[in-house]
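Any read-out appearing in this document is the output of simple, stated calculations on the displayed coordinates, not a laboratory observation. Keep in mind the model is a prediction, meaning the values are calculated, not measured. A quick note on method: Cβ atoms are made from the backbone with ideal geometry, for glycine too, and the neighbour counts reach across all protein chains shown.
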Amino acid sequence: MQINGSYEHVVIAGFGGQGIILAGKLLAQVAMKAGKEVTYMPSYGAEVRGGTSKCMVTISDNSIASPVVDTPNTVIAMNRASLEKYAPKTKAGGLLIINSSLIDEEPKLDDSIEIVRLPADQIAVDLGNKKTANMVALGAFMQKRKLFSPDLAADCLPEVLAERYHVTIPVNTKALHKGAQFIKDNGG
């Protein structure tokens with residue numbers, strides 16, 4: 001990945017229980033492994049499961065002054081409420097990835113914003129574990145932005161997953177690859 005001195009500001013958002021925080025943590029870990037500067041800032045409601053959950057990740061070749069992302073280059077919206085809240089903040093020329101398994105509306109945004117409709121939940125269900133939709137979305141994002149490979153992300157899974165969840169590494173690895181493959185199969 002060559003960022004050329006600029007920044008990739010990412011907001012990943014959904015509801016608690018969708019693995020939003022894990023996806024952001026994994027993205028930050030992968031960026032660090034790749035030698036990039038990175039900030040990661042998770043945020044979730046007090047009720048956690050079912051409540052609002054988001055994280056902000058900034059990746060750069062240069063030092064990063066603040067972890068706060070006001071106008072992201074990329075928004076990954078895993079549910080409708082997240083789409084409504086964060087899609088309008090997407091920077092012109094940016095990328096919006098919508099979990100089309102849960103979101104059927106078409107946002108009204110600047111025409112320069114590329115919208116990818118990714119059936120993340122359906123792909124995860126087809127893999128046998130609906131909880132891997134976050135990894136499907138992350139794999140799609142990394143492929144679309146040509147940032148990091150699914151293999152590098154899979155190599156980082158043991159570092160971000162609690163040991164009791166290491167049993168899920170094979171299915172999470174498949175989900176990362178399926179998300180990337182979806183982008184490849186759909187012109188990206």
Return the Rg/Rh value of segment 7-185, two decimal places, where both radii are evaluated on C-alpha atoms and Rh is the Kirkwood radius. 0.93
Difference of contour (0.36 nm per residue) and Cα-Cα distance, E159 to I115: 12.7 nm
In segment 125-168, whose amide N lies under 17 Å from the spot 7 Å out along Cα-to-Cβ of M32? List them in ranges. 152-163
The chain, Gaussian network, Cα under 10 Å: of I98, I64, I21, the residue fluctuating most is I64
Between E84 and N129, what's the calculated FRET efficiency when r is the beta-carbon distance and R0 is 22 Å? Round to 0.05. 0.20
Could you pull out every residue, at least 5 positions away or on a different chain, whose amide H is within less than 5 Å of the one on S100? Hs are placed 1.01 Å off N in the peptide plane, and Pro or chain starts have none. L118, A120
How far apart, in nm, are two points set 7 Å out from the Cα along the Cα-to-Cβ line at Y44 and at V68? 2.3
For the chain, with a Gaussian network of springs between Cα atoms less than 10 Å apart, report the residue from M78, M41, M135 with the top mean-square fluctuation. M41
I need to check one value: relative contact order of segment 7-185, counting alpha carbon pairs closer than 8 Å and at least 6 residues apart, in percent. 20
If amide H atoms are built 1.01 Å from N in the plane of the peptide, which residues on other chains or at least 5 residues away come under 5 Å of the amide H of T52? G16, G45
